[in-house]
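Below is one structure; the comments refer to it alone.
Each value in this text was obtained by applying a stated rule to the coordinates, not by laboratory testing. Please read all numbers here as calculations on a predicted model, not as lab measurements. For neighbour counting, all protein chains shown are included, and Cβ atoms are generated from backbone atoms with ideal geometry for every residue, glycine included.
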Amino acid sequence: MNVNVDPEAHLKESRTRFDDLHKKIHKSVSEGHIVHVEDGEADDLWHDLLEIQQGLTPQLVLLSGGYYKLRAKCANDMWDYFARKFGIEKPKLATVYANTGDALQNFDHVEGTGLLSPQEIETLKEESSSLSNVEYRHAVEEAQHSLQKILEENDFTTIAVKTTPAEILDLLEAYKHKVAIIWTGPVDKMPNSDDWATKFNFVKAPKAGDRLLETGVPIVAVSPSFGNARMHSIVDQKFMQQMVKYKREDKAFLPTDDSFPGFKNLASIAPDTQAKFSNYIISLADSLTKRMIADAAKKEAALNEKERALNQMKEKALINGKPDLVLQYEEEIKQIGYQRVLALALPNRWSKLARDNTDERKFREFCPVDQTLQLVTDPEMKESLKEVIEVEMKRPDTTDGSKRTIGVKPKPNSNIFLVTQVDTGRLEDKIQSIIDWMAQGEKPNPRLHTVKSEESVSHYNQDHSK
């Protein structure tokens, strides 16, 4: 805790300021004034379904990262499916940012699997290889113009950033008194450490993340992990106990509450091309698991070699009496430790759990991060946000995006709100209702499950009040 901040008073002031912002968020959402920035991953799509279940669709979906034509094709196909299935109006989709080469992430290489043919995927990747062509620049400019029009016309707009905020920062700064950002999973507390590190949605474009934090735009950062949530993973209950055991062994992002039993029916859902949502996210999960497990050994070898070289340089600096260099190398060695946990814990865990697969049940772990947006935007879940702290977030070295350390400390009037305690009871039930819908072949409308959801939440609250 910052020694200049009284903890109790700061918590109270943070809550008061957050509640004022939260009212604006709920009002804008009730008016349909919400924009998504998303990257097409399973948790993005899952969050889209949760909003549909709520009776809400965004005004605009900005597509970010990856092979831009492939991402646009996949997103349009899925939103076409949602529109047909649930009788909703498809939102406008627009490409605002893309990657090539080394900037591509693991997911970018498997995107489209189970949704498009391998030949179509490769063709779209080839057509997306250049970001200097007129077609791409025109797409980005059109996306920015669409966002500007919305921000100009709306009294207030909530922007759900489920990825990086790249290419929209000028607009956010220009309209910062008319917007609120909800940013999922930008940071996390490192295991067995007082340090914080940037996570996936920050790492994708670190300079964009740095700049967002400096704009003064109101930001709500939410995640199951730093929110100390009971629901920390979307995993079938048949695998949950074993998964937590492996997390303990890896000392990697252990949940503060390990009482969550997992979800029902998830491991037994079989791929079905007629059930487009489940078929796609299952295909993505299987492809991503395979790729990350295969890459883990290479990453570990590279990190070990880099650590060995740094230790040698550190020893040499000690012998030569150069304490500044010793400190520098120690910091770089610590960064490798962060990278090892961030890059290897997940595939190592998946590899172990996959050994228990059978024809009837298969382990799959789905990310729960973007789904936590609902805790902030859905008025039904208003009471789920138990603790919010206004903080400063700043990377000590903004010149090097590979350095993951970030300072997170209480700061009054920063306009950055970290949700540090959530009750995921209602969210768990709504996610279970979507899993049940998937298990039934995606035939019923998930909106029909909301009444059942309230009954289950009542049981949940009774159980946890004992």
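What the table shows:
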item	result
R0 of 25 Å, Cβ-Cβ distance Gln148-Asp400: FRET efficiency to nearest 0.05	0.20
Distant-in-sequence amide H partners of Glu392 (H built 1.01 Å from N, under 5 Å)	Lys409, Lys411
Sites Ala294 and Phe86, calculated FRET efficiency, Cβ-Cβ separation with R0 45 Å, nearest 0.05	0.75
Test item: Cα-centred dipole of the chain, Lys/Arg +1 and Asp/Glu -1 on Cβ, debye	780
Under the Karplus curve 6.51 cos²θ - 1.76 cosθ + 1.60, θ = phi - 60°, whole-Hz ³J(HN,Hα) for the range 290-298, x wherever Gly or Pro sits	4, 5, 5, 5, 5, 7, 4, 4, 5
Unit charges at the beta carbon, dipole of the chain: most positive-side option, Ile416, Pro191, Pro7	Pro191
Length released on extending from Ala174 to Ser132, taking residue separation times 0.36 nm less the Cα-Cα span	12.5 nm
Contact order relative to length of the range 55-131, as percent, for alpha carbon pairs under 8 angstrom and 6 or more apart	43
Dipole moment magnitude, nearest 20 debye, the range 86-125 about Cα centre, only Lys, Arg, Asp, Glu C-beta charged	180
Of Lys207/Lys394; Lys73/Lys178; Lys12/Lys178, pairs whose Cα-Cα distance is over 23 Å	Lys73/Lys178; Lys12/Lys178
Qualifying lysines (Cα of each under 16 Å from Cα of Lys322; at least 8 residues distant if same chain)	Lys314
Estimated [θ] at 222 nm from DSSP helical runs (n ≥ 4, -39500 (n - 2.57)) normalised by residues in the chain, nearest 500	-16500 deg cm²/dmol
Pair Glu332, Asp102: separation of 7 Å Cα→Cβ label points (nm)	1.5
Ordering of 92-105, 226-239 by burial proxy (mean other Cβ atoms within 10 Å per residue, highest first)	226-239, 92-105
Dipole of the chain [Lys/Arg +1, Asp/Glu -1 at C-beta], most positive-end residue of Leu373, Thr289, Ile168	Thr289
Relative contact order (percent, whole number), the chain, Cα cutoff 8 Å, 6+ residue spacing	20
For Phe263, residues with placed amide H under 5 Å, excluding near neighbours	Val235, Asp236, Gln237
